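Student: One structure coming up, written as structure tokens, with questions to follow.
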Amino acid sequence: MKRVLALAFLLATASIAAQDNKAWFGTPVPPAANDPRKPVMRYDNGYAPLAAHFTHAPGRFDELLDGAALKRDHKTIVGFSLESFAAGDKIWGRRAATPSFMHALDWTVRELKTAGLRDARVETFAVSGTMWVPRSWQVQLVGDAAFGPGTETVTLHSAFPQPGGATTPAGVTAPVVFVSRGTDADLAGRDVVGRIAIVHVRPEPSLFGSAEQGVAAKLAAKGAVGIVNAVEGPGNALYFDTRFACGKAPCFMVGGQDGWFIEQVIGKAAAAGVLDRLKMTLTLTSDEKSGLTSANAVATIPGQSAKRIIVNAHADGYFQGGDDNASGLAVLVGLARYFAKQPQPKHTLMFVASGGHHGPGNGPAALAAAHPELKDGTLIVINLEHVAYLDVVRGKVRAANNTGMSWETSVTESAKAVGVTNESPFLFDLWSRAPRCFGVATYQQPSTSVSGDLGGYRALNVPMTQMIQSGTFYHSSGDVYEQVPAEGLERAARFHAYLIQQIDRAAESLVTSGKGTPYQSTLAACSNYQPATDNSQP
Ligand SMILES: [Zn+2]
Ligand SMILES: [Zn+2]
């Protein structure tokens, strides 16, 4: 009896599977996009992030730099993005020059005033360019009985339009062509004219580092009528990045599960000899907004000298922007509160929550233009950007459907690239304390490269320094509140408190003298470091 039941069960299961599997060559249709209000990865039921341990002595009002305190501000900042989502903004987040971004700046000013920085203010600036705003869009694979009985048109829900994409209200329907990673070798012998090209994008380690940047624009120039960048990433996330735009055509990114489905179906259609019948429909309507105003939030702690140390964090970002850059802004606000309670610094500390570079205008460039006194009146610019992000890595279990190893969240943060533009040996020496004394994960080799928000400060022609990384969820809906550990924010905040204090106390020539300058370290060992307790400290 048992065997009969078991057999009946097996037959029933097999027949359901057979029914289900006929459409799209038996390829399971992709799920909805991940809810962008929630993390793509799991954070429950796992090991906690690496603890924050510090060997040096805590200073006065040290609790202002506690991870829990920073994380509360982090939540508030991410909240401005969620407000934009709830308002129905299509490109939502803290996009520069939008209400949610301005609310983040207003909040920053209020916090800094409460902390005692009385000159805290929003400085607006006119934006010369326009802002592209999509109104509606849809990306579909068109059903055809040639792909199996019951094959119906599938909508790819993670499809997200890329900046400047051409408006095609009636929709473009065209055959697809898979161009792999879009290198010249990949394109050899492939005709993209009149077709919708599918690019396989590998975010290694993020869209910022991806080799497929610019491929979409190249394909549009070669005559493709639409481009879909299929990102190899966890889940079915949303992505938005100017470097995957194509200008002359409607252009989209799709998340990992939608991308996998497209590529599977292309392969199976080719094997069945019906690839020429595989078509997609892209629909996109959009506007250009002009006459926009953006802003920076600015405040100072006056020093004994008017010469400034600028501490910058961009306040704008896409989606939740948990790491990019709610992390940097939370640390900036924490540091401003902390230094407001310390003895008067030698230099004037200028805190800037910038209009950044996600949207129209460039905050730091506008600040430098509006304040000519900064050109000769600044010692150094320190940038806080993407300071704490739990690393997402390929794990040890092979994923279903052979899409590679499973994606896993690490207990450690992604290693950050340290940049010192003038290669000051003193600054490099200070940065060597980040991993050694504060547990901050960095690359072993620093460099002169400072990507991100510092570009706008180049006009000041002063040394600039930062640590930065961009991970798997860079510029995606996976860059969420949960991805930023309190421990990582605390590591970043305490190291930067140390960095700023040491730079402030040092002879200016140590900061400004670059590569090759004779240098003998006099920095105390980690365990002997003491924050200033009065103005008599050297
Ligand atoms: Zn960014
Ligand atoms: Zn950023």
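The values are calculated or read from the model by the stated rules, or taken from the named source; none is laboratory data. The model shown is predicted, which means the values in this text are computed figures rather than measured ones. Positions of Cβ are generated from backbone atoms using ideal geometry, with glycine treated the same way; all protein chains shown enter the neighbour counts.
Student: Looking at segment 386-422 only, could you name the residues that are buried (at least 17 other Cβ atoms within 10 Å of the Cβ) and basic (Lys, Arg)?
Tutor: Once the filter is applied, which keeps residues that are buried (at least 17 other Cβ atoms within 10 Å of the Cβ) and basic (Lys, Arg), segment 386-422 yields only Lys416.
Student: Please verify whether Ala315 is surrounded by 24 or more Cβ atoms within 10 Å (Cβ to Cβ), within 16 Å of ligand 2 (Cβ to nearest atom) and under 18 Å from Arg110 (Cβ atoms), treating the condition exactly as stated.
Tutor: Numbers: surrounded by 24 or more Cβ atoms within 10 Å (Cβ to Cβ): yes; within 16 Å of ligand 2 (Cβ to nearest atom): yes; under 18 Å from Arg110 (Cβ atoms): yes.
Spelling it out, Ala315 is indeed surrounded by 24 or more Cβ atoms within 10 Å (Cβ to Cβ), within 16 Å of ligand 2 (Cβ to nearest atom) and under 18 Å from Arg110 (Cβ atoms).
Student: List every residue pair whose Cβ atoms sit under 7 Å apart, with the two residues 6 or more apart in sequence or on different chains, where the first one lies in segment 315-329 and is aromatic (Phe, Trp, Tyr) and the second, anywhere, is more than 8 Å from ligand 2 (Cβ to nearest atom) and part of a helix (DSSP H, G or I).
Tutor: Phe319/Ser81
Student: With respect to Asp276, is the statement that it is farther than 30 Å from Phe101 by Cα, at pLDDT 95 or above and in contact with a strand residue (DSSP E or B) (Cβ under 9 Å, 6 or more places away or on another chain) true? Steps first, please.
Tutor: Numbers: farther than 30 Å from Phe101 by Cα: yes; at pLDDT 95 or above: yes; in contact with a strand residue (DSSP E or B) (Cβ under 9 Å, 6 or more places away or on another chain): yes.
Yes; evaluated as a whole, the condition is true for this residue.
Student: Counting only residues that are in contact with a strand residue (DSSP E or B) (Cβ under 6 Å, 6 or more places away or on another chain), of a type outside the set (A, V, I, L, M, F, W, C), within 13 Å of ligand 2 (Cβ to nearest atom) and modelled with pLDDT of 95 or more, how many does segment 326-360 have?
Tutor: Matching residues across segment 326-360 total 3.
Student: For segment 183-221, how many residues meet the condition of being of a type outside the set (Ser, Thr, Tyr), under 22 Å from the mean Cα position of the chain (by Cα) and assigned to a loop (DSSP other than H, G, I, E, B)?
Tutor: Of the residues in segment 183-221, 11 are of a type outside the set (Ser, Thr, Tyr), under 22 Å from the mean Cα position of the chain (by Cα) and assigned to a loop (DSSP other than H, G, I, E, B).
Student: What are the pairs, 6+ residues apart or on separate chains, where a residue within segment 470-486 that is under 13 Å from Arg37 (Cβ atoms) has its Cβ under 7 Å from a residue that is within 14 Å of ligand 2 (Cβ to nearest atom) and in a loop (DSSP other than H, G, I, E, B)?
Tutor: Ser477/Phe319; Asp479/Phe319; Asp479/Gln320; Asp479/Gly321; Asp479/Phe473; Val480/Gln320; Tyr481/Gln320
Student: Identify the single condition in (1) under 28 Å from Gly404 (Cβ atoms); (2) of a type outside the set (Ser, Thr, Tyr); (3) within 16 Å of ligand 1 (Cβ to nearest atom) that Gly363 does not satisfy, given that it satisfies every other one.
Tutor: So the condition that Gly363 fails would be (1).
Student: Kindly indicate whether any position in segment 423-432 is buried (at least 16 other Cβ atoms within 10 Å of the Cβ) and assigned to a strand (DSSP E or B).
Tutor: No, that holds for no residue.
Student: Let me ask you something else. Any idea which of (1) within 16 Å of ligand 2 (Cβ to nearest atom); (2) modelled with pLDDT under 95; (3) among the charged types (D, E, K, R) is the one Arg394 doesn't satisfy?
Tutor: Looking at each condition in turn, Arg394 falls short on (1).
Student: Now, a different point. Residues in segment 295-310: is at least one under 21 Å from the mean Cα position of the chain (by Cα), away from ligand 2 (no atom under 13 Å from the Cβ) and closer than 23 Å to Glu487 by Cα?
Tutor: no
Student: So Ala353 fits all but one of (1) in a strand (DSSP E or B); (2) more than 16 Å from ligand 1 (Cβ to nearest atom); (3) of a type in the set (A, V, I, L, M); what number is the exception?
Tutor: Of the numbered conditions (1) in a strand (DSSP E or B); (2) more than 16 Å from ligand 1 (Cβ to nearest atom); (3) of a type in the set (A, V, I, L, M), the odd one out for Ala353 is (2).
Student: Right, something else. Would you check which residues across segment 207-252 are of a type in the set (Val, Ile, Thr), at pLDDT 95 or above and in contact with a Pro (Cβ under 9 Å, 6 or more places away or on another chain) and list them? Please lay out each step first, then the result.
Tutor: Taking segment 207-252 and keeping what is of a type in the set (Val, Ile, Thr), we get 215, 225, 227-228, 231, 242.
Add one more test, that the residue is at pLDDT 95 or above, and what stays is 215, 225, 227-228, 231.
Listed by number, the residues that qualify are Val225, Ile227, Val231.
Student: When residues of segment 63-91 are filtered for being touching a residue at least 24 places away in the same chain (Cβ under 8 Å), out of contact with any Pro (no Cβ under 8 Å at 6 or more places or on another chain) and farther than 16 Å from Asp35 by Cβ, how many remain? Talk me through it step by step, then tell me what you get.
Tutor: Filtering segment 63-91 down to residues touching a residue at least 24 places away in the same chain (Cβ under 8 Å) leaves 64-71, 73-78, 80-82, 85, 90-91.
Applying the additional criterion that residues be out of contact with any Pro (no Cβ under 8 Å at 6 or more places or on another chain) yields 64-66, 68-71, 73-78, 80-82.
So of that shortlist, the ones also farther than 16 Å from Asp35 by Cβ come out as 64-66, 68-71, 73-77, 80.
Number satisfying all stated conditions: 13.
Student: Exactly one condition in (1) within 14 Å of ligand 2 (Cβ to nearest atom); (2) more than 30 Å from Gly46 (Cα to Cα) is false for Gly471; which is it?
Tutor: That leaves (2) as the condition not met.
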